[in-house]
Amino acid sequence: MAILITPSTKLLVQGITGDFGGRHAKLSLDYGTQVVAGVTPGKGGLFFEHGTHKVPIFNSVTDAVKATGATVSAVFVPPPFAADAILEGVDAGLDLVVAITEGIPVRDMIRVKRAMAGSKTRLLGPNCPGIVTPGTGKDSSGGCRIGIAPGYIHKNGHVGVVSRSGTLTYEAVFQLTSKHIGQTTCVGIGGDPVNGTSHLDIIKLFNADPETHGIILIGEIGGNAEVEAARWIKANCQKPVAGFIAGATAPAGRRMGHAGAIVGGAEDTAAAKIAVFKECGIEVAVTPSDMADALLRSAKAKGVTLC
Amino acid sequence: MNIHEYQAKALFEKFGIAVPRGTTATTPEAFITALADLPEGPTMVKSQIHAGGRGKGTFTDGFKGGVKFCKTKHDAREMAAKMLGNTLVTAQTGPAGRKVQTIYFTVASEIKKEYYLAILLDRNSSKPVIVASTEGGMDIETVAHDTPEKLFKIIVDPAYGLADFQVRELITKLGFTGAEAKNAGKLIRNLYQCYWETDAAMIEVNPLITTPTGDVLALDAKVSFDSNALYRHPEIVALRDLNEEDSKEIEASKYSLSYIALDGNIACLVNGAGLAMSTMDIIQHFGGTPANFLDVGGGATKAQVIAAFKIILGDKNVKGILVNIFGGIMDCNVIAQGIVEAVKEVGLKLPLVVRLEGNNVVAGKATLDASGLALVSGSTMADAAQKIVKLVA
């Protein structure tokens, strides 16, 4: 088992005819992901070809869903049109929309999130690396890779990873795989201040997934999402959890690349979040090189096997 | 993106938000004509820089106060002459301060009481929030900490917009009655409109004031905009003042690099914001001090690496460089070739530690080793950070 997506998940790609979307659609196909449709308005009827793959392109998400049974979408649409693309996926009744696009105006996301209230669709992102459920083949192929993460660094197994940051997620996954510890699912929730899915949403899913034996929670300065997740873990989660917070040296009031990574008050500093992690029984990685080891320490203390 | 107070006030006026009458000048010769637009009598002289804390700031020549009350327009002219072209240091500018290039003159309003009013994103609910307080003119963090009962919050439903009952609720909490209540209601509604329609990231009015005649005015105005939304607001982009921005940060943005200068001596060049932040952290963890935040994005092309090295080397405090690249999709060998060419082109003399990981890393490391450059290879982030800290010590 895994969370949110499995190797049999049928994926459609919005923006498959763009450079960025096309490049990553190919990598997902190579990984063994079921990319069943592309959507680009005005290009319906054409095909996206890669090796022996011939993926049909549709004018709308609804058309693509009807024809292919896709349940999940990856959004690679440019920022001015991305909010619309997300809502189109919601309207088509998808289970999950993964918004990779970076640079969507906050106001658009405020409206999208409000419009999604009560819908069955979950949004991951925007400005996120996506989600990977590693497969059992060579270099974890045969899995489901949605987004822009490098598939080969993964390994099928029992650790869940959730993070706002792309490369920091890869760092954690790489450390795990190097130690022969596999992952159930690795989730990037994105670096924007308004996003569809929070750390806590993912933690709850990992907690309920019997295949996930341990969790790495990676956060940043800004907001209180990590604190909210940590308090829930303290009350509800028995599994070993390791945590890391980036931005201990970031000056207050400066955006650190991610729109959401900015220290506004005393509560959203790295030090404040790390203190809450410790108080909630989360094993804190002292440096980013220590993330996998921190999880191993927590697992050992709880008598849990991660492999 | 930030704008000046006088620009924010002009924007406020477009949205029907009452502000004291004001006028600007950028040369001493223009003081007289600018002041001619204002009535005779008490006048405020306000230095226009983007940083806050102007009133309590000190100019580099020792003159105190970047915002002054003057009894007459004549006094205002003399005061303005001391500020214009002078460099103002405030709690927010850093020790270098900012050169005052524009003076804003306004009518000095008679103040009955000061309030605080701001509109920004509430991250917990993902909705706009209006924050208001009866304690105006003070540091709002202090109010929130010491007297939270004097801070009021209204969360706005973006599907409906600001509702009248919410405005009434806020007015009641702030204690407005009669003409003041009517004027405050209008101001709050218009301020929300301004926030929403301009894609503002934050609007802060501190203080908002009432006058003895029942007027409600925005005495100060601080407005910043969501940079991701600027593409649909050319009129706001036109307000950008490059004098207020770090020249290295402007240069970096031309190459899609996200760069922020810090005070340390170990420069870093990293791909990804989260990894870049934690690279700064790990340098500090091992006893060094980071000189900057620099995210080259997902790519890290040769042109970007060259530009990044040039920007980094423009900071004279830098004593060593740490490159930390996780080449997920990108070929590490291509990145390594970019680093080698960049080092040769800029003639790097400082210690350089490179930690490369990911796709085709073995070939990448071989390229670095074969380059003949005096760079040091780091195996993990921790190893690389320890090595650069040792080299600059």
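Rounded to 0.05, the FRET efficiency of the A:SER178 and B:ARG240 pair, given R0 = 51 Å and the Cβ-Cβ distance, is 0.65. Per-residue Cβ neighbour counts within 10 Å put B:PHE326, B:PHE69, B:PHE176 in the sequence B:PHE69, B:PHE176, B:PHE326, beginning with the fewest. Values of log10 I(q)/I(0) for the range B:247-392 across q = 0.14, 0.16 Å⁻¹ run -0.55, -0.73, by the Debye formula with one identical scatterer at each alpha carbon and no solvent.
Distance distribution P(r), the range A:10-124, all Cα-Cα pairs, bin width 10 angstrom from 0: 15, 51, 29, 5, 0 percent. Across every direction, the projection of the convex hull enclosing the Cα atoms of the range B:17-168 has a mean area of 11.6 nm². Here B:LYS387 is the anchor, and the lysines within straight C-alpha reach of less than 23 Å, apart from those fewer than 8 places off in the same chain, are B:LYS310, B:LYS316, B:LYS319, B:LYS344, B:LYS349, B:LYS365. For the range A:227-307, the tally of Lys pairs with Cα-Cα distances below 17 Å comes to 8, considering only residues 8 or more apart or on different chains. Against the longest principal axis of chain B, how steep is helix B:5-14, in degrees 0 to 90 to the nearest 10, with axes from Cα atoms? Between helix and principal axis, roughly 60 degrees. The range A:2-57 gives an Rg/Rh value of 0.97, both radii derived from C-alpha positions and Rh following Kirkwood. Principal-axis analysis of the Cα atoms of chain A puts helix A:270-279 at an angle of about 70° to the longest axis. Would you tally the net charge around A:ILE221, using a Cβ to Cβ cut-off of less than 12 Å, leaving A:ILE221 out, and scoring K and R as +1, D and E as -1? Taking every other residue near A:ILE221 into account, the sum is -1. When the listed pairs B:LYS127/B:LYS173; A:LYS120/B:LYS150; A:LYS113/A:LYS179 are checked against a 32 Å cut-off, the alpha-carbon distance exceeds it for A:LYS120/B:LYS150; A:LYS113/A:LYS179. Please determine, in degrees from 0 to 90 and to the nearest 10, the orientation of helix B:332-346 with respect to the longest principal axis defined by the Cα atoms of chain B, where the helix direction is its Cα long axis. Approximately 80 degrees, to the nearest 10. What separates the Cα centres of the range B:257-271 and the range B:294-315 is a distance of 10 Å.
Volume per residue of the convex hull around the Cα atoms, evaluated for the protein assembly as shown, comes out as 165 Å³.
Which value, in debye to the nearest 20, describes the size of the charge dipole of the range B:247-392 about its Cα centre when Lys and Arg Cβ atoms bear +1, Asp and Glu Cβ atoms bear -1, and nothing else is charged?
Magnitude of the dipole: close to 340 debye.
Taking every DSSP helix (H) stretch of at least 4 residues in chain A, weighting each as -39,500 (n - 2.57) and dividing the sum by the residue count yields a mean residue ellipticity at 222 nm of -10000 deg cm²/dmol. Of B:GLU5, B:GLU341, A:GLU171, the sequence from fewest to most neighbouring Cβ atoms within 10 angstrom is B:GLU341, B:GLU5, A:GLU171.
Put a plus charge on the Cβ of each Lys and Arg, a minus charge on the Cβ of each Asp and Glu, and nothing anywhere else: the dipole of the range A:155-302 about its Cα centre is then about 260 debye. Remark: the Cα gyration tensor places chain B in the prolate category, a/c being 1.5 or greater and a/b exceeding b/c. For chain A, the spread of Cα coordinates along the three principal axes comes to 56, 42, 31 Å, biggest extent given first. Considering helices alone, the calculated mean residue ellipticity of chain B at 222 nm is -10500 deg cm²/dmol, with DSSP H runs of length four and up weighted by -39500 (n - 2.57) and normalised per residue. Shielding of peptide A:132-140 by partners, expressed as the average count of other chain Cβ atoms within 10 Å per residue Cβ, is 0. Computed over the range A:155-302, the range of Cα coordinates on each principal axis works out to 40, 29, 29 Å, biggest value leading.
Where a number appears in this text, it was derived from the coordinates with a stated rule and is not lab data. Keep in mind that this is a model prediction, so the values were computed, not measured. Note that each Cβ is placed from the backbone with ideal geometry, even for glycine, and that neighbours are counted across all protein chains shown.
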